[in-house]
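See below for the structure under consideration.
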Amino acid sequence: MGLPTLAMDSKRHPEISSDAFDRRMGKHQIERRAPFASVNMSEEKPVDFLRILFEGSIAGGAAGGVVETALYPIDTIKTRLQAARGGGKIILKGLYSGLAGNIAGVLPASAIFVGVYEPAKQKLLKVFPENLSAFAHLTAGALGGAASSLVRVPTEVIKQRMQTGQFTSAPNAVRTIVAKEGFRGLYAGYSSFLLRDLPFDAIQFCLYEQLRIGYKLAAKRELNDPENAIIGAFAGALTGAVTTPLDVVKTRLMVQGSANQYKGILDCVQTIVREEGPTALLKGIGPRVLWIGIGGSIFFGVLERTKILLAQRRPAIQKSESAKND
């Protein structure tokens, strides 16, 4: 389970995009006819790529680790519901099965995602017109998802096979999958993962960013932690519900192993609809929406707070370096 812009002027406020927001509020230039919420990037300083990459990676890793640890049992139930064919029973034991191995993959995957998303967003916001900032967020979200998929997919494959009881430990899962299916087995369902996660990442982060910008313009102030968490929960829950059919297909392809019950994405969809009915594509929607909704709240809340803490440390570090040079 997948972050607003780091402030370029820490004297204003350590929050994200606060400089653009402050200028906008000071000039009272809210464009009512703009199709999307907008951010004025015309006066921004050059993007400090390495700093944004570093801080984004730390914030993303922290947020991803907290979410996975807190909500793993709900994810396990969702996976078992989606993997069960027909009227298969759902086992409620071992809900934390595979957590340790999953955390080991989630931390770097989340760090890569946010580390790519933040600088990409900063750059794209300068490229797109002010009233089309949503497209910058959509594109940055897709880029972050594509980059992190190289780590997220093997992590997801191992996690879901442990959740469904196929393996008892992550190392054993890796060895067995590689032995029976080859290295490609770790990337089973990769195309379906991208089909689900690229739209999911793009939509979720775009919704979050646009809602956050709009809320700040309406409230004429910076958002606090509970408000960031509520917006994150709404964006996550809505996106999770819309992408549930894609998640079902992804799960079936990832857990099938060497049995090869499905020949691909289209065959998987057709087989599910033919054998179980169209409603089977919505299996696990309840736990998924709950999991991603709560997860979005925690993820974005932790993310924003971590960014603020890192931004607050920046002046102290800069003063220390200046003193050394003197």
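Observations, loosely collected:
- Among Leu309, Leu95, the sequence by solvent-accessible area, most first, with a 1.4 Å probe is Leu309, Leu95.
- Taking a ≥ b ≥ c as the square roots of the eigenvalues of the Cα gyration tensor, region 130-238 is prolate, since a/c reaches 1.5 or more and a/b is larger than b/c.
- Sparse-neighbour loop sites [chymotrypsin sites (Phe, Trp or Tyr not before Pro); region 72-155; at most 13 other C-beta within 10 Å; DSSP]: Tyr96
- Here region 47-310 has 70 percent of its accessible surface on carbon and sulfur atoms, given a 1.4 Å probe and all protein chains in place.
- Nonlocal amide H pairs with Gly264, under 5 Å, H built at 1.01 Å: none
- Of Lys93/Lys180; Lys121/Lys250; Lys93/Lys283; Lys78/Lys121, pairs whose Cα-Cα distance is over 25 Å: Lys93/Lys180; Lys121/Lys250; Lys78/Lys121
- Mean-position separation - Cα centroids, region 150-222 and region 85-127, in angstrom: 4
- Residue-normalised accessible area of region 47-310, expressed per residue, 1.4 Å probe, Å²: 40
- In summary, the convex hull built on the alpha carbon positions of region 105-180 has an orientation-averaged projected area of 5.9 nm².
- Spin-label pair Leu132/Leu211, simplified geometry with 7 Å Cα→Cβ offset, distance in nm: 2.6
- Once the C-beta distance of Tyr96 and Asn224 is scaled by a Förster radius of 30 Å, the resulting FRET efficiency is 0.40 to the nearest 0.05.
- Rounded to 0.05, the FRET efficiency of the Asn172 and Lys263 pair, given R0 = 25 Å and the Cβ-Cβ distance, is 0.35.
- For Leu198, the solvent-accessible surface with a 1.4 Å probe is about 50 Å², rounded to the nearest 10.
- For Asp197, the accessible surface of its heavy atoms amounts to roughly 10 Å² (probe 1.4 Å, protein chains only, rounded to the nearest 10).
The values are calculated or read from the model by the stated rules, or taken from the named source; none is laboratory data. All of these numbers come straight from a predicted model, not from anything done at the bench. Cβ: placed from backbone, ideal geometry, glycine included. Neighbour counts: every protein chain shown. SASA here: full protein model, heavy atoms, side chains in, ligands and nucleic acids out. Shrake-Rupley method; radii C 1.70, N 1.55, O 1.52, S 1.80 Å.
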